[in-house]
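The values are calculated or read from the model by the stated rules, or taken from the named source; none is laboratory data. This one's a predicted model, so the numbers in the text were calculated from it and none came from an experiment. As a convention, Cβ positions derive from the backbone with ideal geometry for all residues, glycine included, and neighbour counts pool all protein chains shown. Note: accessible area is taken over every heavy atom of the protein model, side chains too, but ligands, DNA and RNA are not part of it. Shrake-Rupley method; radii C 1.70, N 1.55, O 1.52, S 1.80 Å.
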Amino acid sequence: MSASTTSAKYHRKSFGLKEEVQDELQRAYESDLITGMRNNGNTLAVGDVTIRLAEAFGFCWGVDRAVSMAYETRKHFPNRRIWITNEIIHNPVVNSRLREMGIDFVPIGDDQKKDFSGIAAGDVVILPAFGASVDEMRLLEDKSCEIVDTTCPWVSRVWNRVAKYQHADFTAIIHGKYKHEETIATSSRARHYLIVQSIPDAEWVCKYILYGGARDQFLSKFKKASSPGFDPDRHLLRVGIANQTTMLKGETEQIGKLFERIMLEKYGPSKIDEHFLSPGDTICNATQERQDAIIKLVEEPLQVILVIGGYNSSNTGHLHEIAVEKGIPAYHIDGPACIGPGNLIEHKPLHGGDPETRENWLPDGAVTIGVTSGASTPDQVVAEVIEKVIAIKSTTA
Ligand code: SF4
C-alpha cells in the first residue's frame with residue numbers, strides 16, 4: 001500500500017546540518033521578548049497593559065523539526081530545484097521565508113488539485129509536517145524525485161494505527177476534517193474509512209450502527225468523508241478509532257467512548273474486541289499541552305484573548321474555540337498586520353467566513369490580555385503582536 005521509503009532518494013532524517021542552520025532559524029523565528037516573558041512567569045506589564053502568555057504555546061517539536069529539515073535541505077542541495085507539496089506548516093511567515101529561500105510550492109490547478117507537472121526528475125521535494133498521501137508519494141517516486149519527508153512522528157504513529165486496523169480488516173473511523181491534508185494522508189492509508197468531524201457526526205453514525213437507517217442518506221451525508229465504495233451496512237461492523245492529531249483530545253476520546261459503548265450494546269462484552277479498537281495513545285502531546293494551557297489561562301481575570309496562528313491551522317482554531325466558549329472576547333489573528341491602524345483588529349470568526357474587522361477591541365484603561373498561539377506560529381510573530389498592542393495602548397491612553 002505505501003510508497004517505498006527505503007530508496008536512497010528518500011530522506012527521513014536530518015542531514016546533520018542542524019548547527020549550520022541554527023543561527024538562521026533563531027534569527028528568523030525566536031524572540032528575546034518572549035524568552036524574557038518566559039523567564040518572568042509568562043508575564044509582561046507595560047503601562048496599562050498586562051500580557052499573560054499561556055504556559056504552552058507556539059512552535060511544537062514536530063514543526064520545529066520540519067522547519068529545520070527544510071532549511072537543512074536547502075543547504076544540502078544548494079543547486080537543486082526544491083519543492084514543497086504543501087505549506088510546510090500552516091503559517092504564512094514561515095512559508096514566505098521558505099519562498100524567499102527559493103523553495104517552490106506545488107501549485108494548485110484550476111481544478112483545485114495540485115499540479116505536479118512542473119516537477120522534474122532529480123528535483124527535491126519536501127513533504128510537510130502533516131505528511132502526504134500514498135498516491136502523492138508514489139507519484140513523486142515515479143518521477144524520480146529526491147524526497148525529504150518531514151512528517152511528524154506523531155502523525156506517523158496514527159498511520160501505524162490505521163495500518164493495524166487495515167491488517168485486521170477494521171474500518172478506520174477518523175476524527176478529523178476530510179479536507180485537511182493530514183486527514184487526507186491518513187485516510188489514504190486505510191482501505192475502508194469514515195471521517196467524522198464532530199460528536200454529532202459520530203452520534204449520527206452510531207445511531208445507524210445500532211438501529212440501521214436510510215442508506216442513501218448515510219452515503220450522501222458522508223459522500224466526501226468516506227472511502228470509495230463505502231457500504232455502511234458492511235463497513236461499520238468492525239471499527240477502530242484514529243484522529244487528526246490537531247483535533248480536540250477530549251472530543252476524540254468522547255467519540256472513541258461513544259463507538260465503544262455502541263459496539264458493546266450491539267455485540268456484548270465478550271465480542272467487543274472483534275468489533276472495536278481504541279485509538280491508543282496517538283494524540284499529540286503538543287496539541288494537548290496547548291489546549292490545557294489555554295483552558296488554564298481562561299480561568300484568569302482577562303479582558304481579551306488573542307489567539308495567533310494561520311487561518312487554516314486546525315490546532316489554532318481549537319485554541320480559539322476554547323477561549324470563545326469561556327465567554328471572553330477572543331480574536332484569532334494570523335500576525336501583527338491584523339492589528340491597527342489605531343484600535344482596530346482584523347480577525348477570523350470562529351465558524352469560518354471572511355476575516356472581520358472590529359473597532360475599539362481594546363478597552364480603555366488597564367487591560368489584561370491573554371495570549372496564545374498555535375503549534376505553527378513562531379515566537380517572533382507573537383512578539384510583534386504584543387509590541388503592536390502595547391504601542392496602541394500607549395497612544396490611546
Ligand atoms: S502539533 Fe503534534 S502532530 Fe502536529 S507537528 Fe506538532 S508535534 Fe507533530
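The figures follow:
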| quantity | calculated |
| --- | --- |
| Amide H contacts under 5 Å for Ile147, placed H, 5+ residues apart | Tyr10, His11, Val125 |
| For peptides 51-57, 20-26, sequence by mean Cβ density within 10 Å, most packed first | 51-57, 20-26 |
| Under the Karplus curve 6.51 cos²θ - 1.76 cosθ + 1.60, θ = phi - 60°, whole-Hz ³J(HN,Hα) for the range 266-280, x wherever Gly or Pro sits | 7, 10, x, x, 6, 10, 4, 5, 7, 10, 9, 10, 7, x, x |
| Heavy-atom accessible surface of the chain: percent carbon and sulfur, 1.4 Å | 49 percent |
| Among Ser96, Ser314, Ser187: highest mean-square fluctuation, GNM of the chain, C-alpha pairs under 10 Å | Ser96 |
| Pairwise label distance in nanometres, Arg261 with Asp111, each label 7 Å out on the Cα-Cβ vector | 4.4 nm |
| Amide H contacts under 5 Å for Val46, placed H, 5+ residues apart | Ile51 |
| Where N is the number of residues in the range 42-151, Cα Rg divided by 2.2 N^0.38 Å | 1.32 |
| Phi-based couplings in Hz for the range 171-180 (Karplus 6.51, -1.76, 1.60; Gly and Pro marked x) | 8, 7, 9, 9, 7, x, 10, 5, 8, 6 |
| Along each principal axis, Cα extent of the range 129-178, largest first, Å | 34, 21, 19 |
| Equivalent-ellipsoid semi-axes of the chain, from the Cα gyration tensor, Å, largest first | 37, 29, 18 |
| Sites Gln22 and Asp169 - FRET efficiency at Förster radius 51 Å, r taken between beta-carbons, to 0.05 | 0.60 |
| Computed FRET value (nearest 0.05) for Ser394 with Ser7, which takes r as the C-beta separation and R₀ as 45 Å | 0.20 |
| Karplus-derived HN-Hα couplings along the range 283-293 (A = 6.51, B = -1.76, C = 1.60, θ = phi - 60°), whole Hz, x at Gly and Pro | 7, 5, 4, 4, 4, 4, 4, 5, 5, 4, 5 |
| Separation between Cα centres of the range 372-386 and the range 296-362, rounded to whole Å | 13 Å |
| For peptides 158-165, 304-311, sequence by mean Cβ density within 10 Å, most packed first | 304-311, 158-165 |
| Furthest towards positive pole of dipole, Met37, Gln288, Phe130, structure part the chain, Cβ charges | Phe130 |
| Accessible solvent surface per residue of the chain, calculated while the other protein chains remain in place, 1.4 angstrom probe, Å² | 45 Å² |
| Sum of side-chain charges, Glu87 neighbourhood, beta-carbon under 11 Å (Lys, Arg +1; Asp, Glu -1) | 0 |
| Distance from the range 134-179 to the range 1-54 (C-alpha centre basis), Å | 25 Å |
| Virtual spin-label span in nm between Ser144 and Glu359, 7 Å along Cα→Cβ | 6.3 nm |
